[in-house]
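Data first, discussion second: the structure below is written as structure tokens.
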Amino acid sequence: MAPLYIRIHARDNVGIVVNAEGVTPGAEFASGLRAAEAIPQSHKIALQDLEPGEPILRYGTPIGFANRAIRAGSWVREEFMRMPEAPGLENLPLSTAVPPDLPPLTGVTFQGYRNPHGTVGTRNILGITTTVQCVAPTVDYAVARIRAELLPRFPNVDDVVAITHTYGCGVAIDAPGAAIPIRTIRNISHNPNIGGAPLVVSLGCEKLQPARLFSSDFPVLDESGVIRLQDQHGFAGTVTAILYAAEKKLAELNLRRRETCPASDLVVGMQCGGSDGFSGVTCNPAVGEATDLLVRAGATAMFSEVTEVRDAAHLITARAATPEIAQDFIREMRWYDEYLAQGRADRSANTTPGNKRGGLANIVEKAMGSVAKSGTTALRGVASHGERVTTKGLVFAATPASDFICGTLQLAASMNMHVFTTGEGSPYGLALVPVIKVSSRTALKEKWPDLIDLDAGVIATGESTIQQTGAALFQMILDVASGRKKTWAEQWKLHNALAMFNPGPVT
């Protein structure tokens with residue numbers, strides 16, 4: 001392939017090297033620009049001379065300021081720039097550029113499991129909720145036996161999943177921060193992919209009692225649905241009690257069948273992990289296109305990761321459907337700024353060595369590419385950490401950017417499908433929802449053909465467009481949601497443990 005770079009915006013003074021092998025010194029691009037040094041794939045090349053203090057522009061916005069003279073054709077990397085300050089939260093535009101509604105997509109359906117309380121599952125799963133980490137090993141043991149001994153008798157049930165965690169005791173249960181993990185566990189227990197009310201396994205003496213975990217917002221759990229280990233006779237008796245209760249639930253779930261449901265019943269969470277310089281060029285814009293299609297079909301499309309949208313806050317608040325929604329978004333940004341400050345950290349702590357190896361110089365550049373997942377429609381709602389999402393359209397669900405905590409909180413927000421983009425690669429998966437993994441580079445898909453579900457790298461090489469790849473992803477979401485197709489993570493049963501976000505004190 002001839003030397004090739006991608007320039008995102010007409011104002012940009014850096015481009016992204018496309019060639020899988022990078023470019024060598026003296027390599028000449030079609031524009032006449034010559035590489036002054038070897039530059040790896042997905043890293044930035046200066047398109048013009050840059051003087052000290054001059055902004056380095058990507059996505060049409062400053063991702064940094066040159067701290068030395070940079071000549072055209074040079075490799076532009078982290079140590080050559082000073083990171084900008086985060087946009088202030090006091091004077092952000094509020095609903096000043098609300099996009100017009102896109103034409104609706106009618107008649108789009110998938111095959112799902114209808115739940116009594118209005119939600120729809122893409123999978124039919126028996127959930128077993130734990131109230132405290134003490135019981136997790138016992139429940140894990142019981143689940144292994146349920147899968148081996150009971151599940152084969154109930155072919156219409158997809159899986160049994162233990163909702164285990166490290167919370168429940170040894171914590172300041174009444175501290176303000178405790179509300180987040182408690183509502184997270186509660187809302188995950190009622191994820192649409194869990195059929196009916198979950199079984200609950202309690203120790204008995206923990207601070208997070210079942211009655212505290214489940215409020216009047218959800219179906220009342222009678223005592224037959226709660227198993228207290230301290231009331232049982234021995235380990236074997238405890239496991240027998242769990243298996244007995246599980247068998248009754250499995251028999252109920254096995255009667256369920258998929259039905260034709262409108263696409264508006266989908267709640268799709270978007271996330272990125274192991275991002276690189278191509279993420280904002282290929283996979284994230286393709287996800288943004290799929291997000292727009294989901295919104296047009298009446299579904300809920302959810303983006304998250306506070307630190308990875310913080311530097312694009314001004315773009316999001318301007319798109320908010322109302323000033324009140326914009327203020328809700330600002331509230332979540334401010335809360336997280338204060339949370340990081342308490343730990344003597346800031347948003348710059350987000351960027352990983354892998355991000356930088358993949359061409360991302362700092363969190364500003366990463367955020368401007370990450371926010372592309374949100375597409376182009378108006379922001380219709382904001383949910384705080386662990387809250388359920390009931391709004392249709394584009395929604396921001398506040399989460400940390402940590403892959404596992406983000407996925408856990410999106411499950412609590414009622415996600416029934418998940419899309420995960422990556423440039424460096426991740427075998428990430430979740431037990432409760434199918435995870436579609438989209439690569440930013442074709443080289444990653446070729447290296448991991450049995451882990452990546454969709455290659456967006458073809459956008460960079462011109463083999464496909466953002467619109468075509470986004471449409472293919474949209475169709476894949478419908479197919480996976482309907483059970484017509486399994487993701488690689490599902491096939492290999494790659495399921496990361498749930499990771500609770502607990503900003504409260506531990507006693």
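Bear in mind these aren't lab numbers, they're just calculated from the coordinates by the rules spelled out. None of these values were measured; they are calculated from a predicted model. Every residue, glycine among them, receives a Cβ derived from its backbone with ideal geometry; neighbour counts consider all protein chains shown.
At a glance:
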{"quantity": "Mean Cβ count within 10 Å, highest first, over the residues of peptides 415-426, 70-81, 356-367", "calculated": "415-426, 356-367, 70-81"}
{"quantity": "FRET efficiency for Arg34 and Arg82, using Cβ-Cβ distance with R0 set to 22 Å, rounded to 0.05", "calculated": "0.25"}
{"quantity": "Crossing angle, helix 403-412 versus the chain [Cα axis fit, 0-90 degrees, rounded to tens]", "calculated": "50 degrees"}
{"quantity": "DSSP-assigned coil residues among trypsin sites (Lys or Arg not before Pro) in the range 1-62, each with at most 14 further Cβ atoms within 10 Å", "calculated": "Arg11"}
{"quantity": "Percentage relative contact order, the range 1-82, counting C-alpha pairs under 8 Å, at least six apart", "calculated": "29 percent"}
{"quantity": "Using alpha carbons only: equivalent-ellipsoid semi-axes of the range 407-507, gyration tensor based, whole Å", "calculated": "27, 16, 13"}
{"quantity": "Phi to ³J(HN,Hα) by Karplus 6.51 cos²θ - 1.76 cosθ + 1.60 over the range 51-58, Hz, x for Gly, Pro", "calculated": "9, x, x, 6, x, 9, 9, 9"}
{"quantity": "The range 125-253, relative contact order in percent, only Cα pairs under 8 angstrom and at least six apart counted", "calculated": "35 percent"}
{"quantity": "For the chain, with +1 on Lys and Arg beta carbons and -1 on Asp and Glu, the positive-most of Gly298, Tyr5, Gly127 along the dipole", "calculated": "Gly127"}
{"quantity": "Quarter of Cα convex hull surface for the range 1-82, i.e. mean projection, nm²", "calculated": "4.6 nm²"}
{"quantity": "Selected from His418, Ala401, Ala383, residue furthest toward positive end of dipole (the range 370-465; charges at beta carbon)", "calculated": "Ala383"}
{"quantity": "Dipole in debye (nearest 20) - the chain, about Cα centre, beta carbon charges: Lys, Arg +1; Asp, Glu -1", "calculated": "620 debye"}
{"quantity": "Calculated P(r) of the range 125-253 - Cα pairs past 21 Å, %", "calculated": "36 percent"}
{"quantity": "Under 14 Å from Lys207, Cα to Cα: aspartates and glutamates that are on another chain or at least 8 residues apart", "calculated": "Asp174"}
{"quantity": "Qualifying GluC sites (Glu not before Pro) for the range 1-60 [loop in DSSP, other Cβ within 10 Å: at most 11]", "calculated": "Glu21"}
{"quantity": "Those aspartates and glutamates that a straight Cα-Cα span of less than 16 Å connects to Lys356, excepting residues fewer than 8 apart in one chain", "calculated": "Glu78, Glu79, Asp276, Glu308, Glu365, Glu424"}
{"quantity": "Length gained when the stretch Arg145-Ala236 is fully extended (0.36 nm per residue, less Cα-Cα span)", "calculated": "31.6 nm"}
{"quantity": "Relative contact order for the chain, counting Cα pairs under 8 Å that sit 6 or more residues apart, in percent", "calculated": "18 percent"}
{"quantity": "Qualifying trypsin sites (Lys or Arg not before Pro) in the range 448-507, DSSP loop, other Cβ atoms within 10 Å at most 12", "calculated": "Arg484, Lys493"}
{"quantity": "Where labels lie 7 Å past Cα in the beta-carbon direction, separation of Ala349 and Ser264 in nm", "calculated": "4.3 nm"}
{"quantity": "Dipole magnitude of the range 125-253 about its Cα centre (Cβ charges: Lys, Arg +1; Asp, Glu -1), debye to nearest 20", "calculated": "100 debye"}
{"quantity": "Whole-angstrom gap from the range 125-156 to the range 413-450, using each part's C-alpha centre", "calculated": "26 Å"}
{"quantity": "Dipole in debye (nearest 20) - the range 1-82, about Cα centre, beta carbon charges: Lys, Arg +1; Asp, Glu -1", "calculated": "160 debye"}
